[in-house]
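Written below as structure tokens is the structure these notes are about.
Only the coordinates and a few stated rules stand behind these numbers; no lab work does. Fair warning: this is a prediction, and the values are worked out from it, not measured in the lab. With ideal geometry, Cβ positions are generated from the backbone for all residues, glycine too; neighbour counts draw on all protein chains shown.
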Amino acid sequence: MDWNLPLDDNHIPLNLDILKAFLMLLKINLYIKIQGFYSVIQLIKKTQKSKVNYIIPPKEELNHLARIMNKVCLLYPTRTKCLEWAVTFVLLALKRGWKCNLEIGVQNYPFIAHAWVECDGKVIMDSQDLREGLGIILNEPFRKLTV
């Protein structure tokens, strides 16, 4: 799926959160290029701690992290695709104790694949219709049964 970075509302000053997100995005890109996609899924599974009581953060906090991610993508030297954006967001959310999922969906014809983030059943910074239009093939780290 041709995913475009939302470019609105990126007036976030450079700060430690931006640096942490930038370094996480760099790490994710390296993992994917060197070790492959499976290593990123393993990283998400390792980051989720079973003893942590993950919370659903307020919408404003989710949107703030999304704006941080968008700012980082503008600063990043190469184009960021939906997978890298979503994985980085989920890892940063897990470190904050938030219950967010990486979701990956596909469509057969024409073939389309897309990755996004969901929190409490709501799509973050993407179309809310994704669940209806794409068949979910992966949701991590908080797996959901799909019918």
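Tally Lys and Arg at +1 and Asp and Glu at -1 over the other residues with C-beta under 14 Å from the C-beta of Leu75: what net charge comes out?
+2
Rg over Rh of the chain, using C-alpha atoms and the Kirkwood radius, what does it come to?
0.93
Before rounding to the nearest 500, sum -39500 (n - 2.57) across all DSSP H runs of length at least 4 in the chain and divide by the residue total; then give [θ] at 222 nm in deg cm²/dmol.
-13000 deg cm²/dmol
Lys/Arg Cβ at +1, Asp/Glu Cβ at -1, dipole of the chain taken about the Cα centre: which of Asn108, Leu130, Leu92 is farthest positive-ward?
Leu92
Under a GNM of the chain (C-alpha, springs under 10 Å), which listed residue has the highest mean-square fluctuation: Tyr31, Tyr109, Tyr54?
Tyr109
Exposure proxy check: Arg96, Arg143, Arg131 ranked by fewest other beta carbons within 10 Å?
Going from sparsest to densest Cβ surroundings: Arg143, Arg96, Arg131.
Under 5 Å between amide hydrogens, which residues at least 5 positions from Phe142 or on another chain qualify, with H placed 1.01 Å from N in the peptide plane?
Amide H to amide H, under 5 Å and 5 or more residues apart or across chains, Phe142 pairs with Leu102.
Ranking Phe111, Phe142 by Cβ neighbours within 10 Å, fewest first, what do you get?
The fewest-first ordering by Cβ neighbours comes to Phe111, Phe142.
Considering the chain as a Gaussian network with a 10 Å cut-off on Cα pairs, which listed residue, Glu132, Glu61, Glu118, attains the greatest mean-square fluctuation?
Glu132
Would you work out the charge dipole size for the chain about its Cα centre, treating the Cβ of every Lys and Arg as +1 and the Cβ of every Asp and Glu as -1, and quote it to the nearest 20 debye?
Dipole magnitude for the chain comes out near 740 debye.
May I ask you to sort Lys99, Lys20, Lys46 by Cβ crowding, counting other Cβ atoms within 10 Å and putting the fewest first?
The fewest-first ordering by Cβ neighbours comes to Lys46, Lys20, Lys99.
Give me the percent relative contact order of the chain, please, defined on Cα pairs under 8 angstrom at least 6 residues apart.
Relative CO of the chain lands at 26 percent.
Please tell me which of these pairs span more than 26 angstrom C-alpha to C-alpha: Lys51/Lys71; Lys51/Lys81; Lys71/Lys95?
Lys51/Lys71; Lys51/Lys81
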